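The structure under discussion appears below in the form of structure tokens.
Every number here is computed from the coordinates shown, using simple stated rules; none is lab data. It should be emphasised that the depicted structure is a prediction, and the values quoted were computed from it without experimental measurement. So basically every Cβ, Gly included, is an ideal-geometry build from the backbone, and we count neighbours across all protein chains shown.
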Amino acid sequence: AAATQNPIDVHTWGTPNGWKIPIMLEECGLPYRVVPVNIGKGDQLAPDFLTISPNNKIPAIVDPDGPGGMPISIFESG
């Protein structure tokens, strides 16, 4: 039996830059879910989001199956 992969959380908003990661994940066939970060309301400055993306930029992802099985956040990966 194949292992079930947990979805990647994509913290983003509907901007051209914000769509890049969901498009890539679709192309790769990886499971993901979108977590809205309303940049018009300042959600990118919320303490919970800053633990994921300390520079308050979208998009940012959280892979629940990171190194050693621990979640890892990736942001501004260039």
### Query
Which peptide among 28-39, 53-64, 11-22 comes first, and what is the full order, when sorted by highest mean count of other Cβ atoms within 10 Å?
53-64, 11-22, 28-39
### Task
Please compute P(r) over all alpha-carbon pairs of the chain, binned at 10 Å starting from zero, and give each bin as a whole-number percent.
19, 52, 25, 4, 0
### Query
What residue among Gly40, Ile72, Gly29 has its Cα farthest toward the positive end of the dipole of the chain, where the charges are +1 on Lys, Arg and -1 on Asp, Glu, each on the Cβ?
Gly40
### Message
Would any residue of segment 53-68 have its amide N under 13 Å from a label point 7 Å out along Cα→Cβ of Asn6? List them or say none.
### Response
62-68
### Query
At what distance in nm do the modelled label points of Asp48 and Glu26 sit from each other, each positioned 7 Å from its Cα along Cα→Cβ?
2.6
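Relative contact order, percent, of segment 1-60 when contacts are C-alpha pairs under 8 Å separated by at least 6 residues?
Numbers: 71 pairs, mean separation 24.0, N = 60.
It rounds to 40 percent for segment 1-60.
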